[in-house]
Amino acid sequence: MRLLEYESKEILSKYQIPTPAATLISKGGPLDIKGPVMLKSQIPVGGRGKSGGILEASTNDDAKTHIEYLLSTPLKGYKATQILIEEKMQVKQEFFMAVTYDTVIKAPVAIFSREGGVDIETLAVREPGKVWQEPFSVRSKLPQYRAREIISETGVTGGHLLGLAAILSKLADIFLDYDATLAEINPLALIEDGRLVALDCHLEIDDDAAFRHKELVQLGEDQSRFEASRQVTEFERKAAEIDKIDHRGVAGRMIEFDGNMGLIIGGGGASLTAFDAVRAHGGAPANYCEIGGNPSVQKVAELTKLILSKPNVQKIAVIMNVVSNTRVDLVARGIIKGILEAGKKPSETVAVFRIPGAWEKEGFKILTQYGVTYCDRTVSIDAAARIAVENAN
Amino acid sequence: MAILADQNTRVIIQGITGREAVTFTKDMVDYGTRVVGGVTPGKKGQQVHGIPVYDTVRQALKDHPAEASVISVPPALVKGAVLEALGNGIHLVVVVSERVPRKDTLAFLEAAREKDARVIGPNTLGLISPRILKLGMAGGPVEDVSKAYMPGPVGIASRSGGMTTEIANLLTTNGIGQSTCIGVGGDPVVGSNFLDLIPLFEKDPETKVAVLFCEPGGIIEEKLAERVMAEDIALPIIAFVAGRFVDDMPGVRFGHAATIVEGDRGTTRGKIAMFQKAGIRVAESFSDIVMITKEYL
């Protein structure tokens, strides 16, 4: 889960990392602007500055207009419900620092650059020597001397070395304490009066560690933090409801597409494989999904009906990898039930049924009763996809 | 021959009394895996399919020495379980549990490195060396495993558990057997990824070719291609990259730091291009794996 800027900065403050003086306001909130401020749209996405999500104001009137604009204009798929008003800083120099995981060396890594700001990625590619990164131990953390070693590799010396190292060390503490997968301050500004201040902050929290951070879970469930303008489609919403019918298995990750070939596919890797294969053979999928974990007959039936409710869908391809947990007969029952309840004929609706594995004999028997052609384990996933596309044409 | 474990490997199961563990313990024993003991704190004296249950790994190993452990405990308890195994000299740990916090994974991997122990997973279905042993849930009950897997010269490593069996099945139905088949685990950080496993397959005299199942995201495929270019790995590698359509979808946004660590990488297009540059064979369609594999046998 990505925290909003002001939520991230509240955590920085707990660790004594300085941030600009700020107030948070929502629609219609009272304004009291004294001097130049930055108005920052609180949405969970990067690149706000470049896309117009951060504006400057010096008077109450300016601020009011800007805030109305920010609260009413979607940006990168999100609309803010809250605006962070921050004192504008006189910046002398910008730094970049971050802590994340390196998945190859399997360790947390601290990153520092003397040149912070919006173009840090291009700098990393253009002049990799200016962006220094080093792994550190989860258990011994990043003590200040290690942070100094990293920062001094970029040529920073003088009075700010100590201050920067203290902040990087604390950022590593935040990263570990909050089970973050990314903790980034960019830019970290050296301002006119000589202080170091975090002007922006980005924290991503590991969803799998949410059970250790109940307060963050509540935050994640709070729908009022911002609006996502790319709403899930009605079709996707109904699929999510079907998945909640019972706790038996998964019928999830439904994504709607424009095509006419309904797909009931699973599990994760096989769904990716099957979807690619249907497209490669010229088919146009109506949806993506991942079923698995032995879903109940009712779940599969409802999912089948939902897909068939799309006006342009006449055919459904049912493809999974060789299953050992999911029962072939239960999926077969669900598919048949769904098709019958949708008022269609199973033999004409199933473009292919290819699920070999546990209880396949029973499954194939049911399919035979209804005249549905099926494939056994000797037909590969992509061969099944080809058959489905041929049968649909 | 098999990599990682063989017919002499003795195995304990941590969390053996859990619902899933009870099932896969039976499947493992039926398949011939030498399961010698189980651990669930507080359940000493019970038996699971004839396997004695102990309170601690130390107690279990005192009565029944073992080299490997399969761990299936709730996410919050995984780190402790792995450290307990490592602390008692286990040097192969298979972590079946899903949803393990990433920090915990990194912490126990750090400990495993210090002890020169190997971890498979987390979030793995496990591994199978056909007709020798299986560790974890991979392949399901023995009759299903026997249909999908047979011994032979192909090593399989897969980012998807289900597709491990699917690839084995594709090869088996075409008369090609496997040496060891490993689901590496679905998490961003796993104990043994493609980079770790390819050298083991290369050292194994029986493995003549490795087949990899790859997915969008991460940079492990790109790193493998770099390694192959730099180090002249002689073992032929065949890769199937699933999820090509994901490239065309409004993707997951990376933060600045992730972009720096991973560069502009992670797309299937990029992975395929890197593989081709490195001379790793890419199967265009899933069935092509058979034809390409046969070229190397």
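List of remarks:
- Picking from residues in region B:10-49 that are of a type in the set (D, E, K, R) and touching a helix residue (DSSP H, G or I) at 6+ places or on another chain (Cβ under 8 Å), the one that is surrounded by the most Cβ atoms within 10 Å (Cβ to Cβ) is B:Asp27.
So that you can scan it fast, the table gives a plain yes or no per residue for (1) free of Cβ contacts under 8 Å to residues at least 24 places away in the same chain; (2) within 14 Å of chain B (Cβ to nearest Cβ):
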| site | (1), (2) |
| --- | --- |
| A:Gly158 | yes, no |
| A:Ile167 | no, no |
| A:Leu171 | no, yes |
| A:Leu176 | no, yes |
| A:Glu184 | no, yes |
| A:Glu192 | no, no |
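- Top-ranked residue of region A:216-236 - restricted to ones that are among the β-branched types (Val, Ile, Thr) and in a loop (DSSP other than H, G, I, E, B), ranked as surrounded by the most Cβ atoms within 10 Å (Cβ to Cβ): A:Val232
- Positions within region A:282-293 being more than 9 Å from chain B (Cβ to nearest Cβ) and either surrounded by 17 or more Cβ atoms within 10 Å (Cβ to Cβ) or among the acidic types (Asp, Glu) (or both), in sequence order: A:Gly283, A:Ala286, A:Asn287, A:Cys289, A:Glu290, A:Ile291
- In a residue-by-residue description of region A:198-215, the property of being within 21 Å of A:Ser26 (Cβ to Cβ), in contact with a strand residue (DSSP E or B) (Cβ under 8 Å, 6 or more places away or on another chain) and either part of a helix (DSSP H, G or I) or not assigned by TED's automatic domain parsing to the domain that holds A:His160 (or both) applies to no position.
- Residues of region A:123-138 that are facing chain B (nearest Cβ under 10 Å) and either more than 18 Å from A:Ala183 (Cβ to Cβ) or buried (at least 17 other Cβ atoms within 10 Å of the Cβ) (or both): A:Leu123, A:Ala124, A:Val125, A:Pro128, A:Val131, A:Gln133, A:Val138.
- Every residue from region B:92-103 that is at the interface with chain A (Cβ under 8 Å from one of its Cβ atoms) and either buried (at least 21 other Cβ atoms within 10 Å of the Cβ) or in a helix (DSSP H, G or I) (or both): B:Val100, B:Pro101, B:Arg102, B:Lys103
- When B:Glu262 is tested against (1) modelled with pLDDT under 95; (2) touching a helix residue (DSSP H, G or I) at 6+ places or on another chain (Cβ under 9 Å); (3) closer than 26 Å to A:Ile255 by Cα; (4) not hydrophobic (A, V, I, L, M, F, W, C), only condition (3) is not met.
Yes/no matrix, rows are residues, columns are (1) outside the structural domain of A:Ser309 (by TED's automatic domain parsing); (2) touching a Gly at 6+ places or on another chain (Cβ under 8 Å); (3) surrounded by fewer than 17 Cβ atoms within 10 Å (Cβ to Cβ):
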| position | (1), (2), (3) |
| --- | --- |
| A:Ala240 | no, yes, yes |
| A:Asp246 | no, no, yes |
| A:Val250 | no, yes, no |
| A:Met254 | no, no, no |
| A:Leu263 | no, no, no |
| A:Gly266 | no, yes, no |
| A:Leu272 | no, yes, no |
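- Strands (runs of 3 or more DSSP E) fully within region B:1-70 counting 2 or more residues that are free of Cβ contacts under 8 Å to residues at least 24 places away in the same chain and acidic (Asp, Glu): none
- Some residue of region A:108-125 being under 26 Å from A:Leu161 (Cα atoms), among the β-branched types (Val, Ile, Thr), touching a residue at least 24 places away in the same chain (Cβ under 8 Å) and in contact with a Leu (Cβ under 6 Å, 6 or more places away or on another chain): no
- Here B:Gly152, B:Gly140, B:Gly162 are screened, and the one residue that is of a type outside the set (Asp, Glu), within 13 Å of chain A (Cβ to nearest Cβ) and in contact with a Ser or Thr (Cβ under 8 Å, 6 or more places away or on another chain) is B:Gly140.
- Qualifying residue in region B:147-162 (condition: within 20 Å of B:Glu20 (Cα to Cα) and assigned to a helix (DSSP H, G or I)): yes
- Residue check for A:Ala189: more than 24 Å from the chain's Cα centre (by Cα) and within 20 Å of A:Gln144 (Cα to Cα): yes
- Some residue of region B:106-125 being of a type in the set (Phe, Trp, Tyr), buried (at least 24 other Cβ atoms within 10 Å of the Cβ), closer than 20 Å to B:Leu297 by Cβ and touching a helix residue (DSSP H, G or I) at 6+ places or on another chain (Cβ under 6 Å): no
- Residue tally, condition touching a residue at least 24 places away in the same chain (Cβ under 8 Å) and either among the acidic types (Asp, Glu) or crowded, with 17+ Cβ neighbours inside 10 Å (or both), over region A:82-105: 16
The values are calculated or read from the model by the stated rules, or taken from the named source; none is laboratory data. Note that the structure is a prediction, hence the values are computed from the model and not measured. Quick reminder, even Gly has a Cβ in these numbers, built from the backbone with ideal geometry, and neighbours come from all protein chains shown.
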